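Since every read-out is calculated from the coordinates, none of them should be taken as a lab result. Just so it is clear, the structure is predicted and the values come from calculations on it, not from any experiment. Reconstructed Cβ throughout: ideal geometry from the backbone, glycine too, with neighbour counts over all protein chains shown.
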């Protein structure tokens with residue numbers, strides 16, 4: 001079945017609107033690049049002046065071409081783009097590349113222009129790449145619509161929102177054995193989004209890895225949906241720009257502040273199987289490694305070195321990243337000792353201790369021993385290899401080259417990855433070129449070599465244990481309205497029947513950001529979220545009557561404009577007896593009213609909730625559900641209470657989640673031992689925690705007016721979990 005983006009990446013014919021005889025203009029450069037790259041289809045230069053260009057007839061308008069081209073490069077100013085797109089559509093053009101700037105990135109007038117361009121495309125069926133794109137190329141189709149020198153065919157696909165970063169990646173990758181298969185700059189993603197490009201690349205047979213640079217995406221939900229599927233068969237390496245996103249500053253709750261835009265991206269990228277790098281100099285090396293080597297799956301890594309220092313550092317880095325070293329069999333260690341001599345360290349990491357200084361071929365024999373051991377799942381070669389002929393004797397050059405071929409051949413036959421670090425990589429000696437020609441990654445940086453091994457380990461875990469397909473409900477089911485509910489012994493404030501179905505929509509209609517705690521509890525109770533018992537009291541005497549028998553109590557003020565009560569002095573704890581509760585009610589309400597007045601907020605205090613004090617939990621947790629503005633609904637589980645901002649220890653997954661996913665999230669916390677019975681301490685009831693998190697996700701997805709809901713703290717015990725406080729956001733602030 002033909003992919004919907006085939007006309008974009010595999011066009012039978014192309015046109016260049018704005019073709020020019022001026023070699024410095026894009027309208028000339030793209031035509032020249034198409035010819036230089038050997039594009040086999042028809043090329044139609046378009047310019048009202050007519051004439052000829054680089055031996056091709058120039059047509060005066062797009063509708064003058066003998067047949068409609070599949071793909072058009074629109075080398076025209078932004079103001080002319082909507083009309084050009086409309087003309088293309090009328091002529092039957094399938095897709096258009098728009099490199100012009102001056103659209104929504106430039107302000108209101110540009111946004112209006114972009115909307116007009118999109119409307120023209122939608123009305124006529126033209127798919128848009130860009131605007132504000134650096135173009136695209138497909139080396140396997142001879143399609144070069146970026147300009148510049150033609151590139152040899154390769155297997156690395158690049159999707160980048162930066163022309164300069166793309167140019168750097170393409171230039172470097174094209175000089176390496178992996179080469180470039182496809183490049184596209186999504187630009188503003190006005191029409192075709194990141195996820196659509198990933199979907200195409202996932203089925204593009206020559207592509208073995210995808211390198212992505214992105215700053216923001218139009219549809220983050222679709223991005224991760226697609227990445228989850230594509231990354232099972234094609235590794236995706238991603239570098240995120242804009243990690244200091246203002247999403248953190250505009251957060252409305254504790255988890256919003258902690259699970260800000262970049263933190264959410266990072267968590268969801270990991271869940272979707274993306275391999276994230278955080279430095280520009282890591283993107284290509286890591287992508288090249290996962291694109292040329294088999295994954296590290298199910299077995300440990302062997303480190304083979306001719307020096308102890310680098311091996312020690314590598315072992316430290318690998319351990320910190322969770323990459324396991326192979327436990328070599330006794331027979332393997334015996335064979336290595338016999339081969340390398342008594343000075344060698346045959347425990348993994350293996351130090352040949354000079355055994356290869358005059359005989360580089362010994363590395364091949366050592367590798368042969370390692371590949372015979374079922375525990376060896378991959379090899380990291382560290383040290384001087386490739387430079388023996390430089391350091392010791394030029395007579396070793398031939399043997400060293402033969403050793404390079406032998407190393408690559410052995411690992412290929414064993415179907416295990418090989419990554420090489422060499423102090424002589426900068427000299428590019430023949431032995432290292434032999435490795436590179438065999439598509440073995442060679443690095444002069446130990447850290448890059450180790451980072452690439454870590455990526456192979458991540459890729460191996462992904463390909464060995466693929467996640468189940470998404471269980472997300474259809475969009476039509478996500479806005480199902482909630483039903484009516486009660487809080488304690490008192491009804492919610494009276495609204496019309498339509499309004500009481502969705503308190504979040506009520507709050508939005510009343511131009512409130514927050515739901516009161518009573519409204520929040522009503523939502524939670526409908527989804528069977530376990531809450532601390534609470535009785536509403538409208539005045540001090542009612543609060544006194546609500547005193548729990550034989551137990552100390554807590555009093556919390558209820559107001560639609562007071563989400564975080566502690567800083568307003570609107571909470572009183574550990575109260576004993578009706579008199580203390582009555583006094584606390586009056587004090588907390590007065591404090592809350594004063595706080596609201598100071599901050600210019602309506603001081604509509606409704607009363608207070610009276611709850612029994614609970615016994616000390618094993619641990620206090622935070623569980624939240626929120627609609628991330630870029631990436632959609634997510635669930636957050638982490639350490640809560642006063643530790644929520646102190647430890648910033650949370651795990652994030654896309655919503656809805658399964659109970660199994662919540663178990664995994666709990667285990668991924670840095671402070672997970674607190675939940676799982678550290679040193680004989682009691683274990684938290686993780687199954688109840690999982691049920692709570694699942695229910696909270698259903699609560700969020702069941703009310704499309706709900707932006708965020710946070711339970712903090714959640715008291716976790718051996719036999720249950722109980723939400724002690726709840727905050728909900730109905731609308732965005734500002």
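How far apart, in nanometres, would the label points at residue 67 and residue 648 be if each is projected 7 angstrom from Cα along the Cα-to-Cβ direction?
Going from the residue 67 label point to the residue 648 one covers 5.9 nm.
If I model the range 151-292 as equal point scatterers sitting on the Cα atoms and use the Debye formula, what is log10 I(q)/I(0) at q = 0.14, 0.20, 0.22 Å⁻¹?
-0.61, -1.20, -1.42
Relative contact order for the chain using alpha-carbon pairs under 8 Å, separation at least 6, rounded to a whole percent? It would help to have the intermediate numbers written out before the result.
Numbers: 1615 pairs, mean separation 63.3, N = 734.
It comes to 9 percent, rounded to a whole number.
Can you tell me the orientation of helix 397-414 relative to the chain, as the angle in degrees between its alpha-carbon axis and the longest Cα principal axis, to the nearest 10?
50
Give or take rounding to whole Å, what are the principal axis extents of the alpha carbon atoms in the range 1-68, in descending order?
40, 25, 17
Could you put 85, 158 in order, starting from the residue whose Cβ has the fewest other Cβ atoms within 10 Å? Each step should come with its number before you reach the end.
Values: 85 30, 158 27.
Placing the least packed residue first, the sequence is 158, 85.
Once you have the Cα-Cα distance between residue 42 and residue 25, take 0.36 nm times their residue separation minus that, and quote the gain in nm to one decimal.
Details: separation 17, 0.36 × 17 = 6.12 nm, distance 2.10 nm.
Length gained between residue 42 and residue 25: 4.0 nm.
Output needed: percent of Cα pairs per 5 Å distance bin for the range 106-163, bins running from 0 to the one holding the longest distance.
Going from the shortest bin to the longest, the percentages are 4, 14, 19, 18, 17, 12, 10, 5, 0.
Just to confirm my numbers, what's the Cα centroid distance between the range 607-632 and the range 333-377 in Å?
The range 607-632 and the range 333-377 have Cα centres spaced 56 Å from each other.
What's the FRET efficiency of residue 35 with residue 339 using the Cβ-Cβ distance as r and R₀ = 51 Å, to the nearest 0.05? Mind dumping the intermediate values first?
Numbers: r = 57 Å, r/R0 = 1.11.
After rounding, the FRET efficiency stands at 0.35.
So if we plug the beta-carbon distance of residue 358 and residue 415 into 1/(1 + (r/R0)^6) with R0 = 25 Å, what FRET efficiency do we get, rounded to 0.05?
Details: r = 31 Å, r/R0 = 1.26.
With a Förster radius of 25 Å, E is 0.20.
If you count the DSSP beta bridges with both ends in the chain, what percent of them are antiparallel, to the nearest 5?
Numbers: 52 of 103 bridges.
Looking only at bridges with both residues in the chain, the antiparallel portion is about 50 percent.
For the pair residue 56 and residue 587, how long in nm is the line joining their label points, each one 7 Å along Cα→Cβ?
8.2
Angle between the Cα long axis of helix 517-526 and the longest principal axis of the chain, 0 to 90 degrees, nearest 10?
70
Suppose R0 equals 45 Å. What FRET efficiency, 1/(1 + (r/R0)^6) with r the Cβ-Cβ distance, do residue 2 and residue 171 give to the nearest 0.05? Let's see the in-between values first.
Working: r = 32 Å, r/R0 = 0.71.
It comes out at approximately 0.90.
Roughly speaking, what is the centre-to-centre gap between the range 152-231 and the range 4-52 when only Cα atoms are used, to the nearest Å?
Between the Cα centres of the range 152-231 and the range 4-52 lies a distance of 22 Å.
I need the Debye-formula profile for the range 619-729: one equal scatterer per C-alpha, no solvent, reported as log10 I(q)/I(0) at q = 0.16, 0.17, 0.21 1/Å, two decimals.
-0.64, -0.73, -1.11
By what distance, in whole Å, do the Cα atoms of the chain stretch along each of the three principal axes, largest value first?
Computed over the Cα atoms, the extents are 96, 82, 43 Å.
Please state the relative contact order of the range 588-734 as a whole percent: Cα pairs under 8 Å, 6+ residues apart? Before the final figure, lay out the partial values.
Values: 264 pairs, mean separation 35.2, N = 147.
The value is 24 percent.
Relative to the present Cα-Cα distance, how much length would full extension add between residue 115 and residue 321 at 0.36 nm per residue of separation? Spell out each step's value before the answer.
Details: separation 206, 0.36 × 206 = 74.16 nm, distance 4.57 nm.
This chain segment gains 69.6 nm when fully extended.
Quick one: go through the range 335-378 and flag any residue whose amide nitrogen is under 13 Å from the point 7 Å out along the Cα-to-Cβ line of residue 395.
358-359
Just rank 98, 450, fewest to most, by other beta-carbon atoms within 10 angstrom.
On the way: 98 29, 450 25.
If I rank by nearby Cβ atoms, fewest first, I get 450, 98.
On each of the three principal axes of the Cα atoms of the range 293-464, give max minus min coordinate, whole Å, ordered largest first.
Extents along the principal axes: 44, 32, 29 Å.
State, as an integer percentage, the relative contact order of the range 151-292 based on alpha-carbon contacts under 8 Å between residues 6 or more apart. Kindly include the intermediate steps, with their values, before the conclusion.
Numbers: 253 pairs, mean separation 35.4, N = 142.
For the range 151-292, the relative contact order is 25 percent.
Enter the per residue convex hull volume of the range 577-619, computed from alpha-carbon coordinates, in Å³ rounded to the nearest integer.
Working: hull volume 4.4 nm³, N = 43.
Considering the Cα atoms of the range 577-619, their hull volume per residue is 103 Å³.
Percent antiparallel among DSSP beta bridges with both residues in the range 282-438, to the nearest 5? Provide the component values of the computation, followed by the final result.
On the way: 1 of 15 bridges.
Once the DSSP bridges in the range 282-438 are tallied, antiparallel ones form about 5 percent.
Work out how much length residue 80 to residue 566 would gain on full extension: take 0.36 nm times their residue separation and subtract the Cα-Cα distance, in nm to one decimal.
Stretched out fully, the residue 80 to residue 566 stretch lengthens by 169.2 nm.
Express the C-alpha Rg of the range 364-437 as a ratio against the empirical globular expectation 2.2 N^0.38 Å, rounded to two decimals.
Details: Rg = 12.2 Å, N = 74, 2.2 N^0.38 = 11.3 Å.
It is 1.08.
Calculate how steeply helix 280-292 sits against the longest principal axis of the alpha-carbon atoms of the chain, using the helix alpha-carbon long axis, and give the answer as 0 to 90 degrees to the nearest 10.
Helix 280-292 and the main axis of the chain meet at about 70 degrees.
Order by neighbour count: 514, 459, fewest other Cβ atoms within 10 Å first, most last. Numbers along the way, then the final one.
Numbers: 514 22, 459 27.
Going from sparsest to densest Cβ surroundings: 514, 459.
Calculate for the chain the 222 nm mean residue ellipticity that helices alone would give, adding -39,500 (n - 2.57) per DSSP H run of length 4 or more and normalising by residue count, nearest 500 deg cm²/dmol. List each step's numbers first, then the result.
Details: 26 runs with 270 residues, N = 734.
That comes out to -11000 deg cm²/dmol.
How many percent of DSSP beta bridges within the range 1-132 run antiparallel, rounded to 5? Provide the component values of the computation, followed by the final result.
Working: 2 of 18 bridges.
Beta bridges within the range 1-132, antiparallel portion: roughly 10 percent.
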